[in-house]
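The structure under discussion appears below in the form of structure tokens.
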Amino acid sequence: STMRKRKTTDSPHSSTDLSEGKEKFKLKQEVGLISGVSLIAGTMIGSGIFMSPEWVLHHMGSPASSLIIWAACGLLAVFGALSYAELGTIIKESGGEYIYILRIFGSFPAFLFAYTSVILVRPAGLAAVCLSFAEYAVAPFYPGCSSPQVVIKCAAAACILLLTIINCLNVRLATSIMNIFTAAKLLALLVIVVGGLVLLAKGQTQSFQNAFQNTTAGIGAVGVAFYQGLWSYDGWNNLNYVTEELRKPEVTLPRAVMIAIPLVTCLYLLVNVSYLAAMTPSELLSSGAVAVTWGDKVLGSWAWLISLSVALSTFGSSNGTFFSGGRVCYIAAREGHMPGILSMAHVRCLTPSPALLFTSAVSLIMIISGSFTTIVYFFSFIAWLFYGMTISGLLYLKIKKPELPRSYKVPIIIPIIVLMAAVYLVLAPIIDQPRIEILFIVLFIFSGIILYFPLVHFKCHPRFLQRVTLHLQLFLEVAPTTRDAN
């Protein structure tokens with residue numbers, strides 16, 4: 001169905017119904033409060049807390065200032081998620097930023113977001129997390145030396161394929177795995193926290209003496225430090241991607257946010273304190289994998305537990321990223337901004353399998369090249385560009401359309417703070433240290449114009465595409481879905 005039809009037709013019998021009067025075919029509401037908290041916390045706690053602390057310290061220069069960055073990142077994630085929770089109770093549709101930009105600003109900016117997110121941002125983020133998983137998973141097989149790149153990339157590809165199978169089979173299976181892995185990674189972080197508290201009790205506080213010494217004050221360095229810290233908090237907005245699959249979204253969404261993000265923030269701060277208790281700042285900076293170095297120093301012969309925990313953590317996080325990322329592709333296709341086949345769901349499993357398969361295929365291509373720090377830098381730049389646009393949409397609704405029904409309201413100062421932070425995070429690294437790659441990213445975003453006008457605006461669809469869609473529909477056993485009218 002076209003974008004225009006979707007906007008003007010809010011009846012349950014829209015053009016995507018299987019037939020007039022029949023029961024609607026849609027994704028199930030399988031995600032409750034515990035699964036919601038697990039989706040947020042489980043996606044946030046991935047590879048970041050095990051890899052980013054050294055980079056935050058590197059850019060900030062001192063232990064105390066790096067801890068302030070971690071706390072500020074957590075506060076920003078809470079403010080952003082609370083703002084998104086209000087948007088989620090006004091626009092009760094899945095799709096996160098995409099659906100909010102579409103409903104508030106219109107078709108063109110929403111298409112640019114979907115195009116960038118589906119082809120670049122989500123697959124790159126998933127590839128980065130899976131590469132982190134692979135690095136820790138294969139490390140025990142190569143003691144005393146670095147693992148071959150081909151083995152790491154094969155393990156990352158195997159991880160993506162396994163996640164594809166799980167998420168295509170059953171939503172409940174995917175959320176159950178999320179719950180189990182979230183519990184496992186929380187346990188691993190608690191081990192690090194308790195170990196750190198024991199070290200502090202024994203008097204290992206040398207890292208916290210003159211803690212502000214060598215602090216960096218440059219706006220660009222602070223911005224890049226925020227990028228590294230916020231990478232560890234990425235996932236705070238994931239529940240908004242699956243709003244239609246939430247039970248009682250108006251209650252579950254704000255509650256899950258207020259449980260998950262403060263919990264993760266406290267854990268992150270305590271884990272960083274633990275790292276600094278076990279290592280001097282110079283040791284932390286020279287560590288290739290902070291958590292593993294911590295394990296070697298504190299756990300001794302049990303250090304392998306940390307490598308196992310990090311592998312489990314990153315696998316759980318990539319599952320959450322995959323679960324929500326596939327939904328953006330699915331919703332964009334349902335609104336006419338992606339090929340129609342991607343808007344369909346499996347007739348028995350009721351999962352958006354074509355969208356998941358497409359996300360998986362692009363992520364596998366991404367694995368072939370790209371380093372962790374480069375992916376984080378560009379992922380964060382694009383993400384905060386669109387977060388800023390989404391938050392400005394919420395401010396527009398609060399000021400211009402206060403009469404819209406909403407079960408939850410956030411004080412207006414909170415989205416204003418988030419918008420100011422987003423503007424800073426987008427502009428500070430460009431002003432302080434311009435990089436040619438940022439220009440390439442902006443050019444890539446606007447290259448979507450070439451596709452938008454012929455395919456979406458003028459609807460020039462080659463006839464052979466309809467035949468391809470029909471054959472794929474039969475092969476994949478999928479059918480069009482409907483959405484609830486809100």
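The values are calculated or read from the model by the stated rules, or taken from the named source; none is laboratory data. Since we're looking at a predicted model, the values are computed, not measured. Cβ placement follows ideal geometry from the backbone for every residue including glycine, while neighbour counts extend to all protein chains displayed. Ligands, DNA and RNA are stripped out before the accessible areas are found, and what is left, the full protein with its side chains, is counted by its heavy atoms. Shrake-Rupley method; radii C 1.70, N 1.55, O 1.52, S 1.80 Å.
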To the nearest 10 degrees, how steep is helix 219-233 against the longest Cα principal axis of the chain, on a 0 to 90 scale?
-> 70 degrees
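What's the carbon and sulfur percent of the chain's accessible surface, probe 1.4 angstrom, rounded to a whole number?
69 percent
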For the chain, whose charge dipole is built from +1 on Lys and Arg Cβ atoms and -1 on Asp and Glu Cβ atoms, the candidate among M178, L189, P429 with its Cα farthest towards the positive end is M178
Please give the contour-minus-distance gain from Y396 to S447: 0.36 nm per residue of separation, less the Cα-Cα distance, rounded to one decimal in nm.
-> 15.6 nm
How many Å² of accessible area per residue for segment 327-417, probe 1.4 Å?
-> 38 Å²
Which one of Y100, V442, M344 is farthest out on the positive end of the charge dipole of segment 33-480, using unit charges on Cβ (Lys, Arg +1; Asp, Glu -1) and the Cα centre as origin?
-> M344
Over segment 195-292, equivalent-ellipsoid semi-axes from the Cα gyration tensor in Å = 34, 18, 12
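Could you state the per residue volume, in Å³, of the convex hull enclosing the Cα atoms of segment 298-402?
207 Å³
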Cα pair distances of segment 232-336 binned at 10 Å [whole percent] | 12, 32, 28, 18, 9, 1
Roughly how big is the chain's charge dipole about its Cα centre, with Cβ charges of +1 (Lys, Arg) and -1 (Asp, Glu), in debye to the nearest 20?
-> 1180 debye
Taking 0.36 nm per residue of separation between V468 and I431 and subtracting their Cα-Cα distance, the length gained on full extension comes to 8.6 nm
Could you give the angle, 0 to 90 degrees to the nearest 10, between helix 463-476's Cα long axis and the longest principal axis of the Cα atoms of the chain?
-> 60 degrees
So for segment 33-480, what are the equivalent ellipsoid semi-axes in whole Å, largest first, each being the square root of 5 times an eigenvalue of the Cα gyration tensor?
-> 35, 25, 21
Between the Cα axis of helix 149-169 and the main Cα principal axis of the chain, the angle (0 to 90°, nearest 10) is 40 degrees
